[in-house]
1. Rounded, prolate or oblate: which fits the stretch 130-262, taking a ≥ b ≥ c as square roots of the Cα gyration tensor eigenvalues, rounded meaning a/c under 1.5, else prolate when a/b beats b/c?
2. Set Lys and Arg Cβ to +1 and Asp and Glu Cβ to -1, take the dipole of the stretch 130-262 about its Cα centre, and tell me which of 246, 235, 197 lies farthest positive.
3. Enumerate the calculated ³J(HN,Hα) couplings along the stretch 201-218 in order (Karplus 6.51 cos²θ - 1.76 cosθ + 1.60, θ = phi - 60°), each rounded to whole Hz, writing x wherever the residue is Gly or Pro.
4. Taking only C-alpha pairs under 8 Å that are 6+ residues apart, what is the relative contact order of the stretch 164-313 in percent?
5. Taking amide H positions as placed 1.01 Å from N in the peptide plane, with prolines and chain starts having none, which residues 5 or more places from residue 172, or on another chain, fall under 5 Å of its amide H?
6. Scan around residue 295 for amide H atoms under 5 Å from its own, H built in the peptide plane at 1.01 Å from N, and keep only partners 5 or more places away or cross-chain.
7. From Cα pairs below 8 angstrom and at least 6 apart in sequence, can you work out the relative contact order of the stretch 269-341, rounded to a whole percent?
8. Near the amide H of residue 276, under 5 Å away, which other amide H atoms are found, from residues 5 or more places off or on another chain, if H is placed in the peptide plane?
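What follows draws every value from the coordinates through simple rules; no lab data is involved. Treat the numbers as computed from the prediction; the structure is a model and nothing was measured. With ideal geometry, Cβ positions are generated from the backbone for all residues, glycine too; neighbour counts draw on all protein chains shown.
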Amino acid sequence: MQQSGTDTRIFDHAVRWIDTFKSGTGDRATFFAWLAESPRHVEELQFALALMEEISELTSQQRTQIETVADQEGGIAAQMTASVVPIRQHGRAETPRRTDSRWMLVSGLAAGVAVIALSTWLAIGSLGAQVYATRIGEQRSLQLEDGSTVHLNARSRLRVRFTAELRQLELIEGEALFKVASDASRPFRVAADESVIQAIGTQFNVHRRASGTVVSVLEGAVRVEQTQAAGAAPSTTLKAGEEVRIGKDGRRIQQVVASPGNVTAWRQHRLVFQGDTLADIATEFNRYNVSPQIRIEGEVAATRHFAGTFDTDAPQALIEALAADASLQITRTDREIVIRSR
């Protein structure tokens, strides 16, 4: 059905949002910011969802579950209730009245249903999803239902959801090594920060750092795509022995040769740094040691680059190496090591 006599750009934007959440690449914070910009965004989202028959296909149980998730989004549904009212009161000229049966169904629902409906993509995919987590210093191996294997590094979290069409995973925090079972009918995708990594029959490592995401391929190949970032680098295919580092803004920093031994050193409780920032180095040691935790003060110190190989449980070896740098000041207590610029 066409929207005659009106600008369809907002509607098209709403459809793109639905597609991103359907593929598991939508960003919650950016989406809710867009939704709160204008009541028109809410209305066009309602219309797009009605056309896709997502609202009418929801069971009562799904509605209850989704409403619960929506309520947890910081009162978003209540905010949308206030936003929707002016549409009816003022009858804005740029918002034509829908007369088709599906639109009448949507407009008759309670205010805030747009948030609940879109949560189908945010939450219904999470209904039935399994989250795996490790504590500080703990590593864990997982056998997934499709035969794939995941090795989860310390202080990491992974969400896994399999459907008939897609194997969808999200590395929420930390690092994981994936060995993917072949299944041409169900793509294997891992979301991490602003990137989506799709396996092409492979073994690969994904590492979420403070400075960005590192994807390293050990066997086969993967395709790496960026999602919401403005000016993001185009998708790229990595083969065995290749690695890409992607900044927090989604822009690719560099593509380099990957050493399999260095990539998987964490499984032998070794940390290999090759020009990494002190902030990233501190994060890695903190992943394995409850005490002492390393804290970096100031951007100058945090962005200093260092190289070296250390045991995961030996932060003192790092401190001894850094002590030779006269530009750094190191203070230690029983539970914390603070590093700052002099």
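1. On the way: a/c = 1.37, a/b = 1.19, b/c = 1.15.
The shape class here is rounded.
2. Result: 246.
3. Result, ordered by residue: x, 7, 10, 8, 10, 10, 10, 8, 10, 4, 8, x, 10, 10, 10, 10, 9, 9 Hz.
4. On the way: 320 pairs, mean separation 23.3, N = 150.
Taking the mean separation of contacting Cα pairs over the length of the stretch 164-313, I get 16 percent.
5. Residues meeting the amide H criterion: 157, 158, 159.
6. Here the answer is 337, 338, 339, since their amide H atoms fall under 5 Å of that of residue 295.
7. On the way: 116 pairs, mean separation 28.1, N = 73.
Across the stretch 269-341, relative contact order equals 38 percent.
8. 306
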